[in-house]
1. Apply the Kirkwood formula to the chain: the hydrodynamic radius equals the inverse of the mean of 1/r over all pairs of different alpha-carbon atoms; give it in Å with one decimal.
2. So, with +1 on the Cβ of K and R and -1 on the Cβ of D and E, and no other charges, what is the size of the charge dipole of region 321-473 about its Cα centre, to the nearest 20 debye?
3. At a 10 angstrom cut-off on C-beta neighbours, averaged per residue, how do the peptides 92-98, 124-130, 820-826, 529-535 rank from highest to lowest?
4. Among Tyr539, Tyr552, which comes first, second and so on when ranked by fewest other beta-carbon atoms within 10 Å?
5. A 32 angstrom limit on the alpha carbon distance is what I want to check against. Which of Lys740/Lys810; Lys238/Lys714; Lys80/Lys848; Lys206/Lys496 exceed it?
6. Under 15 Å from a point 7 Å along the Cα-to-Cβ line of Lys174: which residues of region 485-507 have their amide N that close?
7. What does the extension gain come out to for His291 and Arg428, with contour length at 0.36 nm per residue minus their alpha carbon separation?
8. State, as an integer percentage, the relative contact order of the chain based on alpha-carbon contacts under 8 Å between residues 6 or more apart.
Amino acid sequence: MNNSLNKNNSPNEIYNARLIERKWQKYWNERNLYKTDEQNKNKEKYYALSMFPYPSGNLHMGHVRNYVITDLIARYHSLKGKTVLHPMGWDSFGLPAENAAIERGISPKKWTRDNISQMKSQLEKLGLSVDWDKEVSTCDENYYKWTQFIFLELFKSGLVYQKESEVNWDPVDKTVLANEQVDSEGRSWRSGAIVEKKLLKQWFLKITKYADELKNDLKKLDGWPESVKIMQDNWIGKSIGTKLRFKINNISDFNLDVFTTRADTIFGVTYIAISHNHKLVNEFKDEDLLHKLKSLKKEVNNNNFNNLSKLGFDTGFKAINPINNEYIPIWVANYVLDGYGTGAVMGVPAHDQRDYEFAKNNHIKIKLVISKDNNSKSKVISKAFEEKGYLINSETLNGTWSTDAIEKITEMGIKNKWAEKKVQFRLRDWLVSRQRYWGCPIPIVICERCGTIPLSIEDLPVTLPEVNIETNKINSLKDSNDWLNVSCPKCGSFAKRETDTMDTFMCSSWYFLRYPSSACNDLPFDKDNTDRWLPVDQYVGGVEHAILHLLYARFLTKALRDKDFFNIDEPFRNLLTQGMVQAPAFKNIKTGKYISPSQINDLKNPIDPIDGSKLKILFEKMSKSKYNGIAPETVINKYGADTARMFILFKAPPEKDLEWGDSDVEGQFRFLTRVWKLYSENISDFDKSSYKYNEEKENLIKRDLNVAIQEISKDIENNQFNTAISELMKLNNSLMQNIKYLDQNLKLEFLKTFCILLAPFAPHISEELWHLLGNEESVHKSNWPSVDESAIIEEKYLLVVQINGKVRDKILIPTDTSEEKIKETSLKRENVQKWISNSEIRKIIVVKGKIINIVI
Ligand SMILES: [Zn+2]
């Protein structure tokens, strides 16, 4: 490294971000600066990962925030001397590409590839330290071949099965939707259409086999936000309870099972509710009953989900309560889900609010069996009492506390074969079938003689057929005859390919395993690479993926671990869920419409130009429909990527929502301009040795620098990037005021250190300044400074100065000042000089930490 300054390096007076940024992006590219070092295996590794984007064609501020945070973390750990893997890829299958392609008359493949190259060039402008050699795209054959491979491996493990089941059918997009893709009003998350119910044979992954482990291992995830762990825990929803078996009047050997966590309320069961697909409906013979069932099904399909709890009808069948042989009416009710548990629930209106409402609506008996105060006097209740209490109206169990009663009743039931202990999960198996074209084909052949036959690895990939754009017939693989018809791999006779494609969540549930082995052609992931790089040290992404994506990725990791592909239990050690980027939107409360700011005269007192009403200013997530989106490129072109990065990191802690503010963006630009000024003044001044040395100032600036190193390191490690930037600002101010008191070598050293501290945040300007200081290597290949603890120590005491036993002065002095230094400092003092004047000093006695006595 060159330590002397090059005269030709004299910097411009003005900070020209665009010029600098283009120059260094080119330099980094040409030198492949961010290539992952895979040779040096003794170095500590660090895997920094952003949730990969869907290639919509447009980079938005949410992306920018996500990738800038990951980039900062990756750069910091690289400067700390670790080998860093920081990859990027594309979650590139899915419906939006297919819909957009149909609209434009191009193939989804072309649309997707064009978008990827567009977004890649946008990403480059941010100056990310991404190793693009590791890039993956889930719609590439050499990626989805391995998604198919994983599907087949799961098949071999018995984790894949097919089941006819009622599914949510989106009549507009003509596809099956997962439950979580249907909103609370029963509409599709994409098309907004009211979702219909339909029976279809579907492929499922048995995620429920791992329910217990997925739940228990949440405890291991110390580096995850508590809120995300709670969401996952609730989603898995483990409950410990009792399965009760009811006999049915007039139908021998028909058992109706229900699951309950409150067996203590068994005397309060006044009806049983079953789903409209329960096996009991096959026993319906009565015309009237069949008619009721049919119209109820229709209601479910056409109605919004909010009214469902009110729908139901009495079947006339009676269940027999095993505890007292009482007859209980059986109802069909729409709040009972097929897929959940047994498809039947016991109705205890007095002690369950939903049951209470259903009973009230349908005039069903309400019987109190739990009391807070052990009082069995009957009373009218206005809502269900859901707490635990003492049993009443429960024959021999009266007066027993709920918890004890659950135990006793369950034991009684086990003995008499009408009960068993049961653990039930809310988690359902993962429905992976999608009836669309633009997805990963399921590697299965269906033969009329042999049934469903999984393909072998030699047959992979099952590639997607080309589509005929002219006819717009790309709704389903069923339309591609040449592709569809094959001979059976087992018997050779006529067979057809499975035409379902996989849920894109399947493609994204293992991509982090592919990056370290992206060049690997004979396996999805090489064992050595996986052992070296996994788990991911820091995963960064939006909180909207807190449940499904993370749960599926955890499941797949565990399932593949059990096939000995690697030996990790959890894929992501630390998780950071960044908040949204919001901007002011102008809403007319009366009409509910958003008004574009371009139509508003006075943004401080906004008025709707159409009806003249006052508009409300709301901070909302940036979106086209609300006219409040800000394109990252606008900011980058005006101020530079470094300013955009600094703003995003400074404005709010990463997990909080961030409110866009133009003046705050300008504030960051001004800060970088001040940094530029600090360097330009000092570098052009460098050869003049006319500095005024001042020891106190030197100590001060040393202290400030070391405090900054300490605080910034701590802040980055705690994901507090905003306070780290405040430290950079403080240090910049201190340097501006005091650097003139330093000698040349120190000046150079301090300016270099500041560059390194700034580098993870603003990688371009720091690189430029670093080179202006005479360095030839990149600042991003230097070393993060370590803290000089001694420079930080600040403890001082008040030294009493006596002359011939009389107090003549007091000095504030650092605790660790040496005896020599104490003597020297004291004798230099004006007060002391005055008393000594020309007298001879006979003796000096120093009591460290207290006094100095000068005898004259
Ligand atoms: Zn066959």
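Read-outs: derived from the displayed coordinates by stated rules, not from any lab. In this text, all values refer to a predicted model and were calculated from it rather than measured experimentally. With ideal geometry, Cβ positions are generated from the backbone for all residues, glycine too; neighbour counts draw on all protein chains shown.
1. This gives a value of 32.8 Å.
2. 620 debye
3. 92-98, 124-130, 529-535, 820-826
4. Result, fewest neighbours first: Tyr552, Tyr539.
5. Flagged as over cut-off: Lys238/Lys714; Lys80/Lys848.
6. Within reach of a label on Lys174: 499-501.
7. Separation in residues times 0.36 nm, less the Cα-Cα distance, equals 46.2 nm.
8. Relative contact order comes out at 14 percent.
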